[in-house]
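The values are calculated or read from the model by the stated rules, or taken from the named source; none is laboratory data. Since the structure is predicted, the reported quantities are computational estimates derived from the model, not experimental observations. A quick note on method: Cβ atoms are made from the backbone with ideal geometry, for glycine too, and the neighbour counts reach across all protein chains shown.
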Amino acid sequence: MNQAICPCGNDAVRDQAAEWFARGRDAPLAGEALAQFDAWRAEHPQHQHEYDLLRCLWGAADLLQPERLEALCAPDPVRVLPGRRRLLHQALAAGVVAAAVGLGWFGWQQHQLNYQDQLQTGLGERRQLSLPDGSQLEINGRTRLQVRFSAGQRDILLEQGEVMFSVAHDTGRPFVVNTGNGSVTVTGTRFDVRRDAEQTRVAVEQGSVRVQGQGDSLALLSPGLGAHIDAQGRVTQPYAVDPAAVTAWRQGKLVFNDVALSDVVQEVSRYREHPLRVAPGKIAALRLSSSFSSDDTDALLRALPSILPVAIQQHADGSSEIISK
C-alpha cells in the first residue's frame, strides 16, 4: 500500500476505527454513541483517516471498480491483465475489509460481554445511563452502584439509592441486581429497585422478576406487584403497587396516595440536605394523599399545615420536625 497516499495508523487506532465501523454497520449510531464517535474522530486526524480508509475499502468491494480502488486507496505498480486485475482487487478489498471489520466486531462484542463501570449521584441529581447490551438505567439522587458484565451474566451491585432498570432481553445472560441483603434476577423487563439502610424495595412495571433473599426466601413479581427484602434477608409476599407513583421521581415528583406521615417523612428526607423528623405518637400515623416536587421539598413543608393538623418546627442544626398543632 502506498503510504504517501494512504498513510497507515498504529494498530490501536486501526482497531478503534474497525470497532466504530463495525458498530455503525450493525446499527446507525445515535445519542451518546454518536457523541462518543464524533469525539473520537476529533481527537486526531489519523482517527478520521483510518475510518475513511475502511469506508473506502468497503465501497470499493461493493462497486467492483478496481481502477477506482487503485486511485483512492492502493495504486498497484505491477502490470496485471485487466480481467485478473479486477479479481485481484476485488479479493484484496473484500479480504482487508473482512479482516478489519471482523476485528472490530470481535472487539465490540467483547466490549458488550466484558464491561465494568461505577457511578455515584449527589443530592437531587438524576442521571441516565446506556449499557453496552442496550439496557437503560435511570438513576435517582444519592445513589451508588457498580456495573460488571461478563460472558455469562450481567451484574449490578446497588450499594445505596434507587434505579429504574429497562433491561435488554438476553436469555443467555441473566441481569442480576445485588443489594447485599438479597438480589433481583431478570432476563429482560422494566423494574425499580431502591436500597435503603434497613430494606430493599422492588416494584415491577413490565415483565417479571425473581426477588431472592437469604436461603429459600423469595418472591416472583409480575407487572403491578412489589416486594421488600428486610435487613435479615427476608422477602415479603408480593403486594400491589402503582408503578407510576413509585417511579414518579423520574419526573422530579413525589406522589403519596394515602401514605402514613412517618413514611412520607422517610421519603422526603432522601431529597433534603438536613434531616426531617416527625414527632412520635398519633401524628406519625396521619395519612397523606398529595404530590410535590422532589426538587423543592420546602414547598411540601409549607403546605403540610394546611393539609393536616400539624406544624413545622425548625431546629438550630438545620433539621426540621413535624409536630402536632
Only one of 222, 262 that is outside the structural domain of residue 128 (by TED's automatic domain parsing), closer than 24 Å to residue 181 by Cα and of a type in the set (Gly, Ala, Ser): 262
Residue within the stretch 151-162 that is under 13 Å from the mean Cα position of the chain (by Cα), crowded, with 16+ Cβ neighbours inside 10 Å and of a type in the set (Gly, Ala, Ser) present: no
Residue match in the stretch 312-324 (condition: assigned by TED's automatic domain parsing to the domain that holds residue 265, part of a helix (DSSP H, G or I) and either at pLDDT below 95 or surrounded by 12 or more Cβ atoms within 10 Å (Cβ to Cβ) (or both)): no
Contacts under 9 angstrom Cβ, first residue in the stretch 133-147 being within 17 Å of residue 159 (Cβ to Cβ), partner acidic (Asp, Glu) and in a loop (DSSP other than H, G, I, E, B), 6 or more apart: 139/125; 140/125; 141/125; 142/125; 143/125
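Can you tell me which of 250, 302, 272 is touching a helix residue (DSSP H, G or I) at 6+ places or on another chain (Cβ under 7 Å) and among the charged types (D, E, K, R)?
Step by step, each of 250, 302, 272 is checked, and only 272 is touching a helix residue (DSSP H, G or I) at 6+ places or on another chain (Cβ under 7 Å) and among the charged types (D, E, K, R).
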Check on residue 205, under 24 Å from residue 271 (Cβ atoms) and touching a helix residue (DSSP H, G or I) at 6+ places or on another chain (Cβ under 6 Å): yes
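Please verify whether the stretch 173-193 includes one or more residues that are acidic (Asp, Glu), within 15 Å of residue 223 (Cβ to Cβ) and at pLDDT 95 or above.
Start the filter on the stretch 173-193 by keeping residues that are acidic (Asp, Glu), which leaves 192.
Going one step further and asking which of them are within 15 Å of residue 223 (Cβ to Cβ), we end up with 192.
When the remaining residues are screened for being at pLDDT 95 or above, the result is 192.
Yes, the conditions are met somewhere in the stretch 173-193.
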Number of positions in the stretch 124-152 that are in a loop (DSSP other than H, G, I, E, B) and among the basic types (Lys, Arg): 2
Within the stretch 1-41, tally of residues that are in a helix (DSSP H, G or I) and at pLDDT below 70: 3
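Do we have any residue at all in the stretch 201-214 that's in the same structural domain as residue 161 (by TED's automatic domain parsing), over 23 Å from the mean Cα position of the chain (by Cα), outside any strand (DSSP E or B) and buried (at least 17 other Cβ atoms within 10 Å of the Cβ)? Full working, then the answer.
Taking the stretch 201-214 and keeping what is in the same structural domain as residue 161 (by TED's automatic domain parsing), we get 201-214.
Applying the additional criterion that residues be over 23 Å from the mean Cα position of the chain (by Cα) yields 213-214.
If we keep only those that are outside any strand (DSSP E or B) as well, we get 213-214.
Still in the running and buried (at least 17 other Cβ atoms within 10 Å of the Cβ): 213.
There is at least one residue in the stretch 201-214 that is in the same structural domain as residue 161 (by TED's automatic domain parsing), over 23 Å from the mean Cα position of the chain (by Cα), outside any strand (DSSP E or B) and buried (at least 17 other Cβ atoms within 10 Å of the Cβ).
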Members of the stretch 114-150 found to be of a type in the set (Phe, Trp, Tyr) and either surrounded by 18 or more Cβ atoms within 10 Å (Cβ to Cβ) or touching a Gly at 6+ places or on another chain (Cβ under 8 Å) (or both), listed by number: 149
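Just to confirm my filter: which strands (runs of 3 or more DSSP E) fall fully inside the stretch 223-291 and include at least 1 residues that are in contact (Cβ under 8 Å) with a residue 24 or more places away in the chain, in contact with a Phe, Trp or Tyr (Cβ under 9 Å, 6 or more places away or on another chain) and surrounded by fewer than 18 Cβ atoms within 10 Å (Cβ to Cβ)? Steps first, answer last, please.
Numbers: elements: 225-230, 253-260, 276-278.
So the answer is 253-260.
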Considering residues of the stretch 13-27 that are without any contact (Cβ under 8 Å) to a residue 40 or more places away in the chain and within 17 Å of residue 132 (Cβ to Cβ) only, the residue surrounded by the fewest Cβ atoms within 10 Å (Cβ to Cβ): 27
